[in-house]
Amino acid sequence: MTERTANFYNKFSICYPLVDILLKPQKKILFKEVYLLPKGNLLEIGVGNGQHLKYYGKHQITGIDTSIAMLNAAKKYDTGNADLLEMDGKQLHFSNEAFDYAVLSHVIAVVDDPNRVLSEVYRVLKPGGKLFILNHFTPNNCLKYVDKMFEPFSKAFHFRSVFKISELTVLKQFTLVKEVGFGWGSYFKLLVVEKP
């Protein structure tokens, strides 16, 4: 993520609770999936304001973000099982195979090099480790025109409105475990993939 994007999210952190409300139905499914897994070390890239940290239950959480304002907000929601660090997902300062699980919730379309982030996640996940990606993906129906229409506007908010799963070439290194679609045309998807 660029410094310009980090600065944007530092300012945007005050509005983030509204975003949380809009995305709550999808995130609820994500947290349920993660909560049911055996206890493990979980990495969340783009932890945001951290209001959701309590939903990870028994897991030991490492939450990273490039926005200091977001991390400061997240500290208020730490229940004692989270390490919150300023870090870019494109360059993770962790050893190979350090995590059982990784979460990218509405982050993959915000970073400037999503495949590099996925490569880093692949590196730090243990074999058999699971990655959860929750995001919008431009479908091949009339919604693609809505995404196209919002493309100039979305750049001002530092995300890609036109975003396809096919762009995530590094996903081919993982095994698809589950795909859950949300909303009309499955515009939002939860992908659960596993490192072989």
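Only one of these is crowded, with 22+ Cβ neighbours inside 10 Å and either within 23 Å of residue 165 (Cα to Cα) or touching an Asp or Glu at 6+ places or on another chain (Cβ under 9 Å) (or both): 43, 37. Name it. Being crowded, with 22+ Cβ neighbours inside 10 Å and either within 23 Å of residue 165 (Cα to Cα) or touching an Asp or Glu at 6+ places or on another chain (Cβ under 9 Å) (or both) holds for just one of 43, 37, which is 43. Of the residues that make up segment 62-81, is at least one in a loop (DSSP other than H, G, I, E, B), buried (at least 22 other Cβ atoms within 10 Å of the Cβ) and modelled with pLDDT under 95? Scanning segment 62-81 turns up at least one residue that is in a loop (DSSP other than H, G, I, E, B), buried (at least 22 other Cβ atoms within 10 Å of the Cβ) and modelled with pLDDT under 95. Being open to solvent by 60 Å² or more (accessible area, probe 1.4 Å) and modelled with pLDDT under 80 is true of residue 21. Of the residues making up segment 82-93, those that are open to solvent by 30 Å² or more (accessible area, probe 1.4 Å), more than 19 Å from residue 34 (Cα to Cα) and either among the aromatic types (Phe, Trp, Tyr) or out of contact with any Lys or Arg (no Cβ under 8 Å at 6 or more places or on another chain) (or both) are 85, 86, 88, 91, 93.
Residues of segment 94-121 that are surrounded by fewer than 19 Cβ atoms within 10 Å (Cβ to Cβ) and at pLDDT 95 or above: 94, 95, 96, 97, 98, 115, 116, 119.
The values are calculated or read from the model by the stated rules, or taken from the named source; none is laboratory data. These figures come from a predicted structure and were not determined experimentally. Quick reminder, even Gly has a Cβ in these numbers, built from the backbone with ideal geometry, and neighbours come from all protein chains shown. Areas reflect the complete protein model, heavy atoms only, side chains present, ligands, DNA and RNA absent. Shrake-Rupley method; radii C 1.70, N 1.55, O 1.52, S 1.80 Å.
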